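Heads up, the thing below is written out as structure tokens.
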């Protein structure tokens, strides 16, 4: 089993290493369609314990999604509600961003905070599963995708991604070493 990271335009050397760029929408959509959608059967959002957590007052982001609740699972010390990755959810994940902001709104103290004029609702992490196995985490604010506990078949599927994407998929251990080296120096 191996762990990999996708960091767009990763640079593990130099004065400001490690550094990387934002993940472009088309790259994210390619990874969804060509990797996660081929092996995932379910997904979950950080801090979402039930379907009710998805639709606070004034927010229609998840209105009319065909969500099929599966079960609660623990991920990174968080209990989350896992949903079936059906065709409706796949299509909506491809066209939705993970942040809903009113223009000019600064993030409030709490991701569920809102009032009658403004809203801000964000998922910092999106989890993908194959059976009961966590296979990936999209970390929104870090512009990072973690590929977890990869078996040989999953590694081959990652290698088949477009070269412009696969070139920036690195071993998580290499990334950790770069961070440790940076702190030592």
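Condition first: more than 19 Å from residue 78 (Cβ to Cβ) and surrounded by fewer than 20 Cβ atoms within 10 Å (Cβ to Cβ). Now tell me which residues in region 33-58 satisfy that.
33, 34, 37, 38, 39, 41, 55, 57, 58
Here are the criteria: (1) crowded, with 16+ Cβ neighbours inside 10 Å; (2) modelled with pLDDT under 75; (3) not in a strand (DSSP E or B). Tell me which single one residue 107 does not satisfy.
Checking residue 107 against (1) crowded, with 16+ Cβ neighbours inside 10 Å; (2) modelled with pLDDT under 75; (3) not in a strand (DSSP E or B), the one that fails is (1).
Give region 1-21 a look and list any residue that's more than 19 Å from residue 141 (Cα to Cα), modelled with pLDDT under 90 and surrounded by 14 or more Cβ atoms within 10 Å (Cβ to Cβ), or say none.
The initial filter retains those residues of region 1-21 that are more than 19 Å from residue 141 (Cα to Cα), namely 1-3, 12-15.
Pick out the ones that are also modelled with pLDDT under 90 and you get 1-2, 12-15.
Correct list: 2, 12.
Would you mind stating whether residue 74 is assigned to a strand (DSSP E or B), out of contact with any strand residue (DSSP E or B) (no Cβ under 7 Å at 6 or more places or on another chain) and either loosely packed, with under 15 Cβ neighbours inside 10 Å or modelled with pLDDT of 95 or more (or both)?
yes
Among the numbered criteria (1) out of contact with any strand residue (DSSP E or B) (no Cβ under 9 Å at 6 or more places or on another chain); (2) under 16 Å from residue 142 (Cα atoms); (3) in contact (Cβ under 8 Å) with a residue 40 or more places away in the chain, which one does residue 24 miss?
Condition (3) is where residue 24 drops out.
The values are calculated or read from the model by the stated rules, or taken from the named source; none is laboratory data. Quick caveat, the model's predicted, so the values are computed rather than measured. Cβ coordinates were reconstructed from backbone atoms using ideal geometry, including for glycine residues, and neighbour counts include every protein chain displayed.
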